[in-house]
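Have a look at the structure below before the remarks.
The values are calculated or read from the model by the stated rules, or taken from the named source; none is laboratory data. Every value quoted in this text rests on a predicted model; they were computed, and no experiment measured them. Neighbour counts are summed over all protein chains in view; Cβ atoms, including those assigned to glycine, are modelled from backbone coordinates with ideal geometry. Protein only, heavy atoms only, side chains kept; ligands, DNA and RNA dropped before computing areas. Shrake-Rupley method; radii C 1.70, N 1.55, O 1.52, S 1.80 Å.
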Amino acid sequence: MFVSYKWLQEYVDLTGVSAAELAEKITKSGIEVEGVEVLNEGIKGVVVGHVVVREQHPNADKLSRCQVDIGEGEPVQIICGAPNVAQGQKVAVAKVGAVLPGNFKIKKAKLRGEESNGMICSLQELGMEGKIVPKEYAEGIFVFPADAEVGTDALELLNRDDEVLELGLTPNRADCLSMLGVAYEVAAILGREVKLPDTALEPISEKAADYVEINVDAKEDSPLYVAKMIKNVKIGPSPLWMQTRLMSAGIRPHNNVVDITNYILLEYGQPLHAFDYDRLGSKEILVRRANDGEKFVTLDDVERTLSSDHLVITNGTEPVALAGVMGGANSEVTSDTTTVLLEAAYFNGAIVRKASKDHGLRSEASARFEKGVDPNRVRAAGERAAYLMAKYAGGEVLEGEAVADTLTVEPAVVSVTLEKINRVLGTDLTMKDVEEIFARLQFETSVEDDTITVTAPTRRGDIKIEEDLIEEVARLYGYDNIPKTLPIGSSTPGKLSEYQKKRRVVRAYLEGAGLYQAVTYSLTSEEKAAQFALEKRDTIHLAMPMSEDRSILRLSILPQLLEVLKYNNARQNDSLAVYETGNIFLANGKDALPEEREHLAAAITGLWHSHSWQGEKKPVDFFVLKGILEGMFAKLGLTERVTYVQAQVDGMHPGRTAEILLDGEKIGFAGQLHPSVQKGLDLKDTYVFELSLKAVLGAETEALKYQAIPRYPSITRDIALVVNRETVSGTLWEIITNTGAPLLKEATVFDLYEGDKMEAGKKSLAFSLKYMDPERTLTDEEVTKVHNRVLAALEEQAGAVLRG
Amino acid sequence: MQERLRELQQEAIQKVEQSASLKELNDIRVAYLGKKGPITEVLRGMGKLSAEERPVMGALANEVREAIAAKIEAKQNELEEAAVLEKLASESIDVTLPGRPTKVGNQHPLTKIIEEIEDLFIGMGYEIAEGPEVEQDYYNFEALNLPKGHPARDMQDSFYITEEILLRTHTSPVQARTMEKHQGKGPIKIICPGKVYRRDNDDATHSHQFMQIEGLVVGENIRMSDLKGTLEVFAKKMFGQDREIRLRPSFFPFTEPSVEMDISCKMCGGHGCNVCKHTGWIEILGAGIVHPNVLEMAGYDSKKYTGFAFGMGPERIAMLKYGVDDIRHFYTNDVRFLKQFAVEE
């Protein structure tokens, strides 16, 4: 809502309060003023001029040579390019020395050999938007009414010596979609009076009800429909002050009748519609739901197909308006109109919203109906419009109205105790303070003991419950005046859950290990949604996606991380390590919420380590990735419960991928991207893992307990084993640790040899075995006994023999 | 004989002084002090001397020996020290060359902001509550006083999956779920961070996915003044002790009264600049007293219990705090962007 500071002064005395101060006060008490526009900012030296002579420019077809009286003695010669400039016009002249928006300075000039001493201006040149300039002046200069005084300030005449406050209204404050509503608000803030506009007029003796009968089929949708009749109107421009006020509010002037309905819309917040009575073709107005498939041409000349969800105004048979949204071309006011049927109605917000949405027709009118107009202001708005039509369109207003009224208007009566107000706000107000606030708002009150009962005026439809009253008190008392305290009462221990704590541990560990945390989108494409998914389930599709790329909830994080690698790789970052923790979404059937499972994924590519001046370069490999995982599981106390098994995963290298198992259950995978996938993304060798973080962090772990540091020495035996190439070290390790227990404390691989010194199909794996007894020093014989058992088991279970 | 000994002493000392290496020095030691050396030689002729002269000559011979030996030792120390210095000099390196890089990554800036806020509120007795990102219409809207048909819940603004299921548009449903879980009993003090989704085209200031953090306190005597005090603690810790806050009335369906909180602009100190659109204030978050309908729907007696809630956008806070100018940076994950947030503050 745009509020003209000058216009507002008609309703509230703003003496001593500048527009900027007013904006600050309004903002602090509840309605955000998003900006204050000074309309004549950067403009000076523009006066009213009289075009005394207009001739064709001798050297240019499209230019006029004008002699313009600007009230400074002899007329001055001005060359003008506007097609509509004509002798006898009163126009806006930027004199030599004037400044126009954009710091455009007017100087003496010669145009095609002819002297020009100034510029005749269009409204756009004076800083107004083209879309609000009256159509007849949109392509040329603006012409003042003939009575404009030569030499006076043109901007003043155009009401540009004004400031406009832009209100950002929240949905509950639809009352401020009108100048009167703003006036009540400002009056309450300043503690001043509201002056209501004039409506008193002498009607002629003919009765409106004799001209038209109102019938309403859809009473729920249209509980009040009032028609005023105005005869003998003369269509023409509305007064300049009205046009300029409309323009300051962002509305383009058309003609006096249409401008008056728009003016009332702004003044009262009540949308009105003017029909050309003679074009209605009947003496009846019937308000009904449209028929499915019914066609109707709105006044923008677009044919609309209606449905029974839409409310129409008809002449008994044909629609003449889409209620609350737009009139019909068939009954539009034209320059020939003489009799006006003026509609003032209360339409249900939901039905207007449906129509405006279905037809993409959001207008100033529909916006007000949607948010709810003041039911008590409908008739007053009609009266005021009729008064203005009599005054500025030469009309004669018929007595009374034609009406269909089933609207019951009951103002909200709400009570609240002073104790509750103070308890909710943390204040120490007295009943007198509270009464005074409601008096400023012009809400009626009565007080009994500790309780104040408030009757809210119908313009404030947002007041319904006691909390609404508390809010009114708070905002007018001022939030600045409310004290600052902290909650008292039983204290709560602030903490992270175990899961949240461990998640932070994992993140901090990964970052310490060299990975950057990424955050990507949950919505992805059909193609990517299920790539690398640990568990295949139906994908979850949005009902109305904005694009195919963001239409499905992800089943895995990796495809998004690979996009991150690709993006960075294309920007000269080909060595990169990133991870992400986030939910993936597993469908649980159409009507149930999906299962959301937190995953952890990481991707590393390019060089893992490089130290250029020493010539060190180490590309990422499987064991870099596995080392990262092992460190993480160590941090979480899960080292001994995690195993890796060679596996085949779609999109992954068939020989360099492992499934990760926790307590024997699959929780994820790790490995190299399939070379064809790498190539598709234009990446170097890339290693990735994705696992269920929920499973990892959810694993119960034992409390940390100290183990005594061994006091006796250990004995180490190294063995080199020859096995089949397919035999994995993990199998041998398991045999060793199972057979060697309890004296065997540790077994580690320290060499792998697959070279040509080995028999074909064989390899050598060397282990270091550490034996120890925490209670005593072991003898060689004891160790040998166990060690031989280990060797025997290796041979028996894995065909492993000592390398000769 | 006496002269010979003095001569030898002088000769040896001269040689010691001229020697340049430990080997040379050792040769001198063997030559002069060895069993076959000239001093021994001289002493061998002592038999010819008288009984009076013998001890005098013996003492002199020892004196000469000791003088030479002392000189040799001194010279040896000198040479050894020089050798050490020479070795150290040869070992010197260019300390200005870059070190071997230790791999480090860091938190995403949004996580950084969220954890900072979490920790701040944990310190004030809050717990962190999380909830589903795919929500029932009931928790996302209805339980928050946004009944069906309410203009603020347009299909156009949300990502629906079915008529009853959608991607949450705010983290407020976590509040509704938490209250329901508490079965009408207080106190509750929670912070709810998480991802939310809205039908917006991604541009410099909009993102179809973004983060939100909400807070909720429910108890028997929770007041607007408590909200104001809590938000001031938050604002000062997050943005600096010199910042002022102000509350402005606003409107949200789930709170009544509703407010928005501004902080004084850091750029201009509240005098007005482009960052704060010449108002001196920057909007940070929305808040209010929990609407009685919301309390009642979650099973609380709104006569007995009151509460406050607040919600804010980590992206906006990060943009203000770090001067980030485009919200899409947070989701593009350009490493040149990410690595700028390595510094712990």
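Kindly indicate the residue of segment A:454-484 that is open to solvent by 40 Å² or more (accessible area, probe 1.4 Å) and β-branched (Val, Ile, Thr) and also farthest from the other protein chains (Cβ to nearest Cβ) among those meeting that condition.
As a first pass, look at segment A:454-484 and keep what is open to solvent by 40 Å² or more (accessible area, probe 1.4 Å): A:455, A:461, A:464-466, A:477, A:480-481, A:483-484.
Imposing the further condition that a residue be β-branched (Val, Ile, Thr) reduces the set to A:455, A:465.
Numbers: A:THR455: 19, A:ILE465: 7 Å.
Here the residue is A:THR455.
Give me the residue from segment A:566-593 that is part of a loop (DSSP other than H, G, I, E, B) and among the basic types (Lys, Arg) and, out of that set, modelled with the highest pLDDT. Steps first, please.
Looking only at segment A:566-593, we keep the residues that are part of a loop (DSSP other than H, G, I, E, B), and these are A:570-575, A:587-593.
So of that shortlist, the ones also among the basic types (Lys, Arg) come out as A:571, A:590.
On the way: A:ARG571: 94, A:LYS590: 84.
The qualifying residue modelled with the highest pLDDT is A:ARG571.
With without any contact (Cβ under 8 Å) to a residue 40 or more places away in the chain, over 14 Å from A:PHE767 (Cα atoms) and of a type in the set (Asp, Glu) as the only criterion, which of A:GLU734, A:GLU726, A:GLU746 stands out? It would help to see each step written out before you state the result.
On the way: A:GLU734 fails: over 14 Å from A:PHE767 (Cα atoms); A:GLU746 fails: over 14 Å from A:PHE767 (Cα atoms).
Of A:GLU734, A:GLU726, A:GLU746, the one residue that is without any contact (Cβ under 8 Å) to a residue 40 or more places away in the chain, over 14 Å from A:PHE767 (Cα atoms) and of a type in the set (Asp, Glu) is A:GLU726.
Give the residue, chosen from A:LYS757, A:LYS785, A:LYS763, A:LYS745, that is of a type outside the set (A, V, I, L, M, F, W, C), open to solvent by 40 Å² or more (accessible area, probe 1.4 Å), closer than 28 Å to A:ARG656 by Cβ and out of contact with any helix residue (DSSP H, G or I) (no Cβ under 6 Å at 6 or more places or on another chain).
On the way: A:LYS785 fails: closer than 28 Å to A:ARG656 by Cβ; A:LYS763 fails: open to solvent by 40 Å² or more (accessible area, probe 1.4 Å); A:LYS745 fails: closer than 28 Å to A:ARG656 by Cβ.
Residue meeting the stated conditions: A:LYS757.
Just one of A:LYS432, A:LYS391 is of a type in the set (Lys, Arg) and within 30 Å of A:THR261 (Cβ to Cβ); which is it? Walk me through how you get there before you give the answer.
Values: A:LYS432 fails: within 30 Å of A:THR261 (Cβ to Cβ).
The unique qualifying residue is A:LYS391.
Counting residues that are farther than 18 Å from A:VAL212 by Cα and among the basic types (Lys, Arg), which strands (runs of 3 or more DSSP E) fully inside segment A:284-396 reach at least 3? Write out each step before concluding.
On the way: elements: A:284-289, A:295-297, A:303-305, A:311-314, A:319-322, A:340-346.
Fully inside segment A:284-396 and qualifying: nothing.
Need the failing condition index for A:LYS679 against (1) open to solvent by 70 Å² or more (accessible area, probe 1.4 Å); (2) out of contact with any Lys or Arg (no Cβ under 8 Å at 6 or more places or on another chain); (3) touching a residue at least 12 places away in the same chain (Cβ under 8 Å), just the number.
(3)
With the requirement that a residue be away from chain A (no Cβ under 12 Å), aliphatic (A, V, I, L, M), touching a Phe, Trp or Tyr at 6+ places or on another chain (Cβ under 8 Å) and without any contact (Cβ under 8 Å) to a residue 40 or more places away in the chain, what does segment B:252-292 give you?
If the condition is that a residue be away from chain A (no Cβ under 12 Å), aliphatic (A, V, I, L, M), touching a Phe, Trp or Tyr at 6+ places or on another chain (Cβ under 8 Å) and without any contact (Cβ under 8 Å) to a residue 40 or more places away in the chain, then B:ILE263 is the only one that fits.
Would you please name the residue that is nearest to the other protein chains (Cβ to nearest Cβ), looking only at residues in segment A:27-42 that are in contact with a Lys or Arg (Cβ under 7 Å, 6 or more places away or on another chain) and among the β-branched types (Val, Ile, Thr)?
Once the filter is applied, the top-ranked residue is A:THR27.
Based on what the data block shows, is B:ALA12 farther than 14 Å from B:ALA69 by Cα and either open to solvent by less than 90 Å² (accessible area, probe 1.4 Å) or under 60 Å from the mean Cα position of the chain (by Cα) (or both)?
Working: farther than 14 Å from B:ALA69 by Cα: no; either open to solvent by less than 90 Å² (accessible area, probe 1.4 Å) or under 60 Å from the mean Cα position of the chain (by Cα) (or both): yes.
Judged against the criteria, B:ALA12 is not a match.
Got at least one residue in segment A:703-717 being over 60 Å from the mean Cα position of the chain (by Cα), open to solvent by 40 Å² or more (accessible area, probe 1.4 Å) and charged (D, E, K, R)?
Scanning segment A:703-717, I find at least one residue that is over 60 Å from the mean Cα position of the chain (by Cα), open to solvent by 40 Å² or more (accessible area, probe 1.4 Å) and charged (D, E, K, R), so the answer is yes.
When you scan segment B:97-122, how many residues do you find that are within 7 Å of chain A (Cβ to nearest Cβ), among the aliphatic types (A, V, I, L, M), open to solvent by 10 Å² or more (accessible area, probe 1.4 Å) and not in a loop (DSSP other than H, G, I, E, B)?
Counting residues in segment B:97-122 that are within 7 Å of chain A (Cβ to nearest Cβ), among the aliphatic types (A, V, I, L, M), open to solvent by 10 Å² or more (accessible area, probe 1.4 Å) and not in a loop (DSSP other than H, G, I, E, B) gives 1.
Restricting attention to strands (runs of 3 or more DSSP E) lying wholly within segment A:191-239, give those where 1 or more residues are under 23 Å from A:PRO271 (Cβ atoms). Write out each step before concluding.
Details: elements: A:204-207, A:213-216, A:224-231.
Result: A:213-216, A:224-231.
Residues A:LEU561, A:LEU542: which one is open to solvent by less than 20 Å² (accessible area, probe 1.4 Å), farther than 27 Å from A:MET632 by Cβ, within 9 Å of chain B (Cβ to nearest Cβ) and touching a Ser or Thr at 6+ places or on another chain (Cβ under 8 Å)? Please lay out each step first, then the result.
Values: A:LEU561 fails: farther than 27 Å from A:MET632 by Cβ.
Selected residue: A:LEU542, the only one of A:LEU561, A:LEU542 that is open to solvent by less than 20 Å² (accessible area, probe 1.4 Å), farther than 27 Å from A:MET632 by Cβ, within 9 Å of chain B (Cβ to nearest Cβ) and touching a Ser or Thr at 6+ places or on another chain (Cβ under 8 Å).
With the condition kept exactly as written, say whether any residue in segment A:524-538 is at the interface with chain B (Cβ under 8 Å from one of its Cβ atoms) and at pLDDT 90 or above. Quick ask: steps written out before the conclusion?
Within segment A:524-538, the subset at the interface with chain B (Cβ under 8 Å from one of its Cβ atoms) is none.
Within segment A:524-538, none of the residues are at the interface with chain B (Cβ under 8 Å from one of its Cβ atoms) and at pLDDT 90 or above.
Search segment B:123-148 for residues being open to solvent by less than 30 Å² (accessible area, probe 1.4 Å) and free of Cβ contacts under 8 Å to residues at least 60 places away in the same chain, and hand back the single one that is nearest to the other protein chains (Cβ to nearest Cβ). Give the derivation first.
Within segment B:123-148, the first condition is being open to solvent by less than 30 Å² (accessible area, probe 1.4 Å), and the residues that meet it are B:125-126, B:128-129, B:131, B:133-135, B:137, B:139-141, B:143-144, B:146.
Applying the additional criterion that residues be free of Cβ contacts under 8 Å to residues at least 60 places away in the same chain yields B:134-135, B:137, B:139-141.
Values: B:VAL134: 5, B:GLU135: 7, B:ASP137: 11, B:TYR139: 10, B:ASN140: 11, B:PHE141: 14 Å.
Going through the qualifying residues, I end up with B:VAL134.
Looking only at residues in segment A:400-425 that are within 14 Å of another protein chain (Cβ to nearest Cβ) and open to solvent by less than 20 Å² (accessible area, probe 1.4 Å), which one is nearest to A:ARG459 (Cα to Cα)?
Applying the filter and picking the extreme gives A:VAL414.
Please state which one of A:ILE667, A:ILE628 is within 19 Å of A:GLU511 (Cα to Cα), open to solvent by less than 20 Å² (accessible area, probe 1.4 Å) and under 46 Å from the mean Cα position of the chain (by Cα). Walk me through how you get there before you give the answer.
Values: A:ILE667 fails: within 19 Å of A:GLU511 (Cα to Cα).
Answer to the check: A:ILE628.
I'd like the residue in segment B:293-345 that is free of Cβ contacts under 8 Å to residues at least 60 places away in the same chain and over 24 Å from the mean Cα position of the chain (by Cα) and, out of all such residues, is farthest from the other protein chains (Cβ to nearest Cβ).
Result: B:GLU296.
Scan segment A:437-453 for residues that are surrounded by fewer than 16 Cβ atoms within 10 Å (Cβ to Cβ) and either in contact with a Ser or Thr (Cβ under 6 Å, 6 or more places away or on another chain) or assigned to a helix (DSSP H, G or I) (or both) and jot them down.
Of everything in segment A:437-453, those that are surrounded by fewer than 16 Cβ atoms within 10 Å (Cβ to Cβ) and either in contact with a Ser or Thr (Cβ under 6 Å, 6 or more places away or on another chain) or assigned to a helix (DSSP H, G or I) (or both) turn out to be A:ALA439, A:GLU444, A:SER446, A:ASP450, A:THR451, A:THR453.
Name the one entry in A:VAL226, A:VAL257 that is crowded, with 24+ Cβ neighbours inside 10 Å and either farther than 25 Å from A:VAL325 by Cβ or hydrophobic (A, V, I, L, M, F, W, C) (or both).
Numbers: A:VAL226 fails: crowded, with 24+ Cβ neighbours inside 10 Å.
Of the residues listed, the single one that is crowded, with 24+ Cβ neighbours inside 10 Å and either farther than 25 Å from A:VAL325 by Cβ or hydrophobic (A, V, I, L, M, F, W, C) (or both) is A:VAL257.
Pick from segment A:499-515 the residues that are more than 8 Å from chain B (Cβ to nearest Cβ) and without any contact (Cβ under 8 Å) to a residue 12 or more places away in the chain: which of them is most open to solvent (accessible area, probe 1.4 Å)? Full working, then the answer.
The first filter runs over segment A:499-515 and keeps only residues more than 8 Å from chain B (Cβ to nearest Cβ), leaving A:499, A:501-503, A:505-506, A:508-509.
Subset that is without any contact (Cβ under 8 Å) to a residue 12 or more places away in the chain: A:501, A:508.
On the way: A:LYS501: 99, A:ALA508: 59 Å².
Among those residues, the one meeting the criterion is A:LYS501.
Can you name every residue in segment B:196-216 that is over 13 Å from B:ARG316 (Cα atoms), open to solvent by 30 Å² or more (accessible area, probe 1.4 Å) and more than 12 Å from chain A (Cβ to nearest Cβ)?
B:ASP203 - this is the single residue of segment B:196-216 that is over 13 Å from B:ARG316 (Cα atoms), open to solvent by 30 Å² or more (accessible area, probe 1.4 Å) and more than 12 Å from chain A (Cβ to nearest Cβ).
Of the conditions (1) over 37 Å from the mean Cα position of the chain (by Cα); (2) under 24 Å from A:LEU388 (Cα atoms), A:THR152 fails just one. Which one is it?
(2)
Which of the strands (runs of 3 or more DSSP E) contained wholly in segment A:594-666 include at least 3 residues that are under 30 Å from B:PRO98 (Cβ atoms)?
On the way: elements: A:595-605, A:607-611, A:616-619, A:642-646, A:652-662.
It comes to A:595-605, A:607-611, A:616-619.
Just the residues that are over 29 Å from the mean Cα position of the chain (by Cα), charged (D, E, K, R) and not in a helix (DSSP H, G or I), please, taken from segment A:1-50.
A:GLU10, A:ASP13, A:GLU41, A:LYS44
For segment A:610-623, name all the residues that are facing chain B (nearest Cβ under 10 Å) and open to solvent by 20 Å² or more (accessible area, probe 1.4 Å). Quick ask: steps written out before the conclusion?
Within segment A:610-623, the subset facing chain B (nearest Cβ under 10 Å) is A:610-614, A:616.
Residues satisfying the conditions are A:SER610, A:SER612, A:TRP613, A:GLN614, A:GLU616.
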